[in-house]
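The values are calculated or read from the model by the stated rules, or taken from the named source; none is laboratory data. All values derive from a computational prediction rather than experimental measurement. Every residue, glycine among them, receives a Cβ derived from its backbone with ideal geometry; neighbour counts consider all protein chains shown. Protein only, heavy atoms only, side chains kept; ligands, DNA and RNA dropped before computing areas. Shrake-Rupley method; radii C 1.70, N 1.55, O 1.52, S 1.80 Å.
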Amino acid sequence: MTTQRVLWHVTMSLDGFIAGPEHEMDWMPHDDAENPVVPAVIASVGAVLCGRSTWDLAEGPRDRDGGGAVYGGRFDGPVFVMTRRPEPAGPFLSGDLKTAVGTALAAAGGRDLLILGAGLARTCVAAGLVDRLVVHVAPILLGEGIRLYEAVDRAPLRLVAQSRAGQYVNLEYTF
C-alpha cells in the first residue's frame, strides 16, 4: 500500500526557470510520451490544488466545477483553486492553507495531491506541506522567467530517484 503524498511536479529549464517572464510555457514539450515518469505521476494523482494565477492562465477548456486541462486533459479528477478572491460557484478554496490542502487531500481518495503554480507550491513548501518534488530538467536555457524556488528559507531535499528520458533528466526528491 502506498502512502498519500502532496506532490509538486514541474518541468524546469537548465538555468532554473519553470515558466518564461510572462508565464509562457511554449518552450515545454507538448508530447511527453517518451518520458515514462510523466504517465506514472499522472496515474498517482487523485486531486489537484492550483493557485489562482495558474487557474487564470490555464489554456484549454475547463469546467467551472474544476474539470479541465490538467495534463492536457489526461487527468480526470477534482481540481481546486486556492484563492484570496473566492467565487460563489466552482472549485475555489480560501482561508487557511493547511485546511485547503486537507480538503484537496480528502478529495484525492487516497491518491496523491498535485500542487500547481509556483507561488502556491513555494508557499506549501515553506509551510512544510509538500512531501515530494518531481522535476524534469529540460535542455534549454531561458535566461529569465519564473524561478523554481525563491524564498528566504532554505528547503533541504533528499534525492530518491533519477533517470533520463531522451534529452530530459528526471529528478525526484523528498523534503
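Okay, here's what the table says:
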read-out: Residue among Asp56, Asp131, Asp15 with the largest mean-square fluctuation in a Gaussian network model of the chain, springs linking Cα atoms under 10 Å; value: Asp56
read-out: Loop sites in the stretch 110-175: trypsin sites (Lys or Arg not before Pro), DSSP, at most 11 other Cβ within 10 Å; value: Arg154
read-out: From phi via Karplus (6.51, -1.76, 1.60), per-residue ³J(HN,Hα) for the stretch 143-152 in Hz, x at Gly/Pro; value: x, 6, x, 8, 6, 4, 9, 9, 7, 6
read-out: Accessible carbon and sulfur surface of the stretch 71-115 relative to its total accessible area, %, 1.4 Å; value: 52
read-out: Amide hydrogen neighbours beyond the local backbone of Val48, cut-off 5 Å, H modeled; value: Val79, Phe80, Leu114
read-out: Whole-Hz couplings from phi, Karplus 6.51/-1.76/1.60, listed for the stretch 158-175; x for Gly and Pro; value: 10, 5, 10, 7, 8, 7, 10, 9, x, 8, 9, 10, 9, 10, 10, 10, 10, 8
read-out: Normalised contact order of the stretch 73-167, rounded percent, pairs of Cα under 8 Å and 6 or more residues apart; value: 18
read-out: ³J(HN,Hα) computed for each position of the stretch 76-85 - Karplus, 6.51 cos²θ - 1.76 cosθ + 1.60, integer Hz, glycine/proline x; value: 10, x, x, 10, 10, 10, 7, 8, 8, 10
read-out: Solvent-accessible area per residue, Å², over the chain with all protein chains present [probe radius 1.4 Å]; value: 55
read-out: 5 angstrom amide H check on His9, placed H, neighbours 5+ away; value: Ile115, Val134
read-out: Which labelled figure in [x] 21.5, 64; [y] 15.4, 45; [z] 19.4, 78 is Rg and Dmax of the Cα atoms in Å, once derived from the coordinates; value: [y]
read-out: Equivalent-ellipsoid semi-axes of the stretch 86-175, from the Cα gyration tensor, Å, largest first; value: 27, 16, 15
